[in-house]
Amino acid sequence: MRRFSRIFAWTTLFFVAGAVLFFTKAAALPYKVAWPVLLLSLATFLSRRRELLPFGFAFLFSAAGDAVGARGLFIPQMAFFALAHVAYVCWFLPRARRRLRAASLAVTVPLLVFLFAAIVPEAPFPAERIGVAVYGLVIAAMLYSALQYDGACAAGFRCAALLFVFSDAVIAWNRFIGPVPARTWIVMITYYLAQYLFFRFAFKTAARN
């Protein structure tokens, strides 16, 4: 347990340092956007907790999405993040309550309406429209499974999922509808916070077990 706590503490410290490094313009380092979440992935795998493997893969796919996104490769970026959300679904869905929550639909349905009414039609070519539609369905499934999750740290996980969706919604709005002031700050702060909260509450849940 002590080793587990040390991994969590050091990862938190270096994650914050990596996030600060990303926002430091003077630090012109390659793919620095991906470093904080890659660190979460490595720490999760080093914990040697089998139940945390979906989170480890989710962070790893997210870091890969960050890396290709830094090169402007939008469709590969969506593909990697879709895999990350599938990994999250693989953890949340088996632990979700079977009975449908009205709150889950009240959040997920407007997200899907926004996606297919406002975002997908604005994609400039068919491959991108299909990619955006598929990615939107996958992230909606992640959000739904997190909202339906009813185990330990449920409120924290739901907050993380909502922050992730908000971050992606800002990206979509900026790309397809109109420019968002301070886009990088809004997107990346909510994204990094979402990923860290997933990491924090995953470790907390594993420690309880």
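Quick notes on this structure:
- As a fraction of the 1.4 Å probe accessible area of region 1-150, surface on carbon and sulfur atoms comes out at 72 percent.
- Fraction of alpha-carbon pairs over 15 Å apart in region 75-122 - percent: 66 percent
- Shown here for region 1-94: trypsin sites (Lys or Arg not before Pro) in loop regions (DSSP other than H, G, I, E, B) with at most 11 other Cβ atoms within 10 Å, namely Lys25, Arg48, Arg71.
- Dimensionless Rg ratio for region 163-209, taking C-alpha atoms and the 2.2 N^0.38 Å reference: 1.46
- Fraction in percent of alpha-carbon pairs per bin - 5 Å, region 123-202: 3, 16, 21, 21, 18, 12, 6, 2, 0
- Convex hull volume per residue, computed on the Cα atoms of region 104-151, equals 45 Å³.
- The chain: C-alpha pair distances exceeding 33 Å, %: 13 percent
- Heavy-atom surface of the chain, accessible at 1.4 Å and reported per residue (Å²): 50 Å²
- Part-to-part distance (alpha-carbon centres) for region 9-38 and region 136-202, which is given in Å: 19 Å
- Binned Cα-Cα distances of region 2-126, short to long, each 10 Å bin given as a whole percent: 12, 29, 33, 22, 4, 0
The values are calculated or read from the model by the stated rules, or taken from the named source; none is laboratory data. Note that this is a predicted model, so its numbers are computed, not measured. With ideal geometry, Cβ positions are generated from the backbone for all residues, glycine too; neighbour counts draw on all protein chains shown. Note: accessible area is taken over every heavy atom of the protein model, side chains too, but ligands, DNA and RNA are not part of it. Shrake-Rupley method; radii C 1.70, N 1.55, O 1.52, S 1.80 Å.
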